[in-house]
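Working notes, structure below.
The values are calculated or read from the model by the stated rules, or taken from the named source; none is laboratory data. Computed from a prediction, not measured in an experiment: that's the story for all the values here. Quick reminder, even Gly has a Cβ in these numbers, built from the backbone with ideal geometry, and neighbours come from all protein chains shown.
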Amino acid sequence: MSRITKSWTLLPNSAIINKCSLINVNMWSKQALQELAREKFRDYKLIVVSNREPYIHQYQGGRIECLQPASGMATALDPLMRACGGVWVAHGSGDADRHAPGAMGRTPVPPEAPLYMLRRVWLSKELENGYYYGLANGGLWPLCHVAFRRPVFHREHWEAYRRVNEIFAQAVLEEAGDDPAFVFIQDYHLGLLPRLLKNGNPSLVVAQFWHIPWPNRETFRAFPWKEDFLDGLLGNDLLGFHLRYHCQNFLDTVDRAIEARVDQERYEVTLRGKVTAVRPFPISIDFAEHASTAAGAAVDNEMEHWRRALDLGQMRIGLGIDRIDYTKGIPERLRSLDLFLERCPEHRGRLVFVQIGVPSRLRVAEYKRLGEEIEALVSEINTKWSSGAWRPILFLKTHLGPAQMMALHRLADFCMVSSLHDGMNLVAKEYVASRFDENGMLILSEFTGAARELTDAILVNPFDLDTCADAIRRALELPPEERRRRMRRMRAVVADNNVYRWAAKILAALARIEAPQPRPPRMDAAARQNGGQLCAGVATSARPACT
Ligand code: G6P
């Protein structure tokens, strides 16, 4: 066994001047991450794997357009891939994906200035139904979130899940070939993949990040195929969660469910002689990039556009932006708004709450029902309180581009994130990053991972409508100086714990792990044209440079 490296300390890059109000803050940057990758993983190819693709090609009025999906996971990983280069393997779910530029299911992205390769995996409707809608989102999603929805398990969904994980494994093994590669798997759709990869090529370095909570061991007991699933996950060299608490839940689950050695001191599991390190890595966003885009002219224009389109006048504005998902607590939020209007007549006619709902997972019955419930609630509350042209809630069922979203952030007096349970929640961090004016206030569920870092938000229990109604009043009435102080501190936290720090910590943890010996290269390996080594800009291949 050879070590990839001995060890090094996580030193931040030289001071970066953030033109948007955080001056001389030492923070991890794209460049610092590139240097780290170059120093320690020069010869490794980076392969990211997820269900959701970072770019979706869709037909729109006969033309192909390319969208970025509403996914915290994709939002976080895209800057990392832009910085390091490599291949991202994901399910091709867009109706125009097969006709995107490129060949053999491989398309260079981002489309306007490619920096890495997207390799699409094709699935039949039947497999997608069983694996994605069935096991992943009808079973594992409710199992892992405490939102009091019953998980549904069917054997045929599990079979589809297994089969799809095998299909992904085949694509990743092809991409890796015989070269040293670091495979970075995302989320609960691909729990069996690590073991399949290690079986197919023991020399791969395999890590996985679990973007949602891990439940306690009593809850996980209900999963009918838990032994196989845990065995799959323990193919990883490193398994990451947002919070130490989720790591602890995972270790307890393994301890209870299978014959493996769990080291509670070192946060490690040993199964059949193979060690998996389990570590917390709270995910984040590319703060600097986000903040500078939010301060740009395109966002100013979008603000004007929203003001006119929504006829906002002098209204104060509240904001919610979510996928339409029962874990996000949207009905609870609207009910607390209703209560607030009842208790605070002085705010009637003066506040508009803009709720953006991105349609999601509509083939799961629970999601369809939720969409209907929200529509009914909006109409009920609007009917109850409307007066003249004023309606308290504007519900827009749509998917927003970055500039439109940032414009709403900047317009909003407060943003409300009331998830019943959430691994992290990047909407909260995005809102804070957009507020370079240090104005606005965040109301944040204490059941999000983000609440551990953003302690200057107004923290609420989203199940407690009274407290949430009070929080809305507080957010609107907080003295400007206190609002600024809180926003400044939250921005400093997100600037510092940005997505590059997240990625750097993962690389650092991996570098401390005993990596398997690389396989000797085959004669034809050099001829294989693919996405290239970690940190393409410094490797000798002819891949697009990272900037
Ligand atoms: C969560 C998951 C992601 C997922 C996203 C959007 O954030 O952790 O893996 O991509 O939801 O859900 P979707 O099912 O549309 O990919």
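A few remarks follow.
- Among residues of the stretch 347-376 that are under 14 Å from Lys328 (Cα atoms), those with a Cβ under 6 angstrom from a residue that is surrounded by 15 or more Cβ atoms within 10 Å (Cβ to Cβ) and small (Gly, Ala, Ser), sequence gap 6+ or separate chain, pair up as Gln355/Gly320; Val358/Ala70.
- Filter result for the condition that a residue is over 23 Å from Phe41 (Cα atoms) and assigned by TED's automatic domain parsing to the domain that holds Gln248, over Phe182, Phe153, Phe209: Phe153
- Filter result (away from the ligand (no atom under 16 Å from the Cβ) and either among the acidic types (Asp, Glu) or at positive phi (or both)) within the stretch 69-110: Gly85, Gly86, Gly102, Met104, Gly105
- In the stretch 177-186, the residue that is nearest to the ligand (Cβ to nearest atom) out of those that are at pLDDT 95 or above and in contact with a strand residue (DSSP E or B) (Cβ under 6 Å, 6 or more places away or on another chain) is Gln186.
- When the residues of the stretch 350-394 are filtered to those that are away from the ligand (no atom under 16 Å from the Cβ), within 25 Å of the chain's Cα centre (by Cα) and among the aliphatic types (A, V, I, L, M), the one that is nearest to Ala469 (Cα to Cα) is Val354.
- Scanning the stretch 62-119 for residues that are part of a strand (DSSP E or B) and closer than 21 Å to Leu173 by Cβ yields Val87, Trp88, Val89, Ala90, His91, Ala103, Arg106, Thr107, Tyr116, Met117, Leu118, Arg119.
Matching residues to (1) crowded, with 16+ Cβ neighbours inside 10 Å; (2) on the phi < 0 side of the Ramachandran plot:
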| position | (1), (2) |
| --- | --- |
| Val269 | yes, yes |
| Thr276 | yes, yes |
| Pro280 | yes, yes |
| Ser284 | yes, yes |
| Phe287 | yes, yes |
| Arg307 | no, yes |
| Gly313 | no, no |
| Leu319 | yes, yes |
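- Among the residues of the stretch 120-152, those identified as under 20 Å from Glu366 (Cα atoms) and not in a helix (DSSP H, G or I) are His145, Val146, Ala147, Phe148, Arg149, Arg150, Pro151, Val152.
- Filter result for Asp187 (surrounded by fewer than 22 Cβ atoms within 10 Å (Cβ to Cβ), within 25 Å of Cys84 (Cα to Cα) and assigned by TED's automatic domain parsing to the domain that holds Gly138): yes
- Filter result for Ala160 (within 16 Å of the ligand (Cβ to nearest atom), more than 20 Å from the chain's Cα centre (by Cα) and over 27 Å from Ser419 (Cα atoms)): yes
- For the stretch 478-491, the count of residues that are free of Cβ contacts under 8 Å to residues at least 60 places away in the same chain and within 16 Å of Pro282 (Cβ to Cβ) is at least one.
Condition check ((1) more than 16 Å from the ligand (Cβ to nearest atom); (2) over 24 Å from Arg350 (Cβ atoms); (3) more than 16 Å from the chain's Cα centre (by Cα)) across all residues:
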site: Ala407; (1), (2), (3): yes, no, yes
site: Met416; (1), (2), (3): yes, no, yes
site: Met424; (1), (2), (3): no, yes, no
site: Thr455; (1), (2), (3): yes, yes, yes
site: Ile458; (1), (2), (3): yes, no, yes
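- Sole exception among (1) in contact with a Ser or Thr (Cβ under 9 Å, 6 or more places away or on another chain); (2) surrounded by 17 or more Cβ atoms within 10 Å (Cβ to Cβ); (3) within 23 Å of Ala288 (Cβ to Cβ) for Glu39, by number: (2)
- Residue satisfying all of: in the stretch 43-58; within 13 Å of the ligand (Cβ to nearest atom) and in a strand (DSSP E or B); surrounded by the fewest Cβ atoms within 10 Å (Cβ to Cβ) among these: Ile56
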